[in-house]
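Since every read-out is calculated from the coordinates, none of them should be taken as a lab result. Predicted, not measured: the structure shown is a model, and the values here were computed from it. Using ideal geometry, Cβ is built from the backbone for each residue, glycine included, and neighbour counts are taken over all protein chains shown.
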Amino acid sequence: MAIAKKAIVWGLFAAGGTLTAFVFPALIALFLLIATGNVPEGMQFEQIHVFVTSWLGKVCLFIVLFLSLWHAAHRLRVVAHDFGIRKDTLVASTVYTLAAIGTVLSAYYLWMIKA
């Protein structure tokens, strides 16, 4: 029995969509508060920097970025099809390659953050 490749793509898409739906509204609200000068207690740069430089923080950020990138890639593939672009192999290769590059760059830049 062959393993279906679509299951992997749909799994990443679903996980990314779920995570994005829960995390991004909270991040947007937090960034709006910070942009208006209303920084919540415990969210100053020093506390955020401590979290981001820890292994737990890096893993959490990587998971959010990784799943969001793959969700966006699959969504862009579907949107391209809806707009009448019927070269699915080219579109899929492009968007998934960009998601893979974004994943590698995310890992690299998170790795480079020092305390």
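Taking Cα atoms of the chain, Rg/Rh with Kirkwood Rh, to two decimals? Don't jump to the answer; show the numbers that get you there.
Numbers: Rg = 17.2 Å, Rh = 16.2 Å.
Ratio of gyration radius to Kirkwood radius for the chain: 1.07.
Modelled this way, with points 7 Å down the Cα-to-C-beta line, the labels at F45 and A100 are 3.8 nm from one another. Multiplying the residue separation of V52 and A21 by 0.36 nm and subtracting their alpha-carbon distance yields 9.0 nm. Span-like helix criteria (full DSSP H runs; alpha carbon extent of at least 20 Å along the helix axis; mean Kyte-Doolittle hydropathy of at least -0.5) are satisfied in the chain by 5-35, 55-82, 88-112. By the rule of a C-alpha distance below 18 Å, with chain neighbours fewer than 8 residues away ignored, the lysines paired with K114 are K58. Straight-line cross-link reach from K87 at under 23 Å between alpha-carbon atoms covers these lysines, not counting any fewer than eight positions away in the same chain: K5, K6.
Out of V91, V59, V50, any idea which swings most in a Gaussian network model of the chain, alpha carbons joined below 10 Å? Highest fluctuation among the options: V50.
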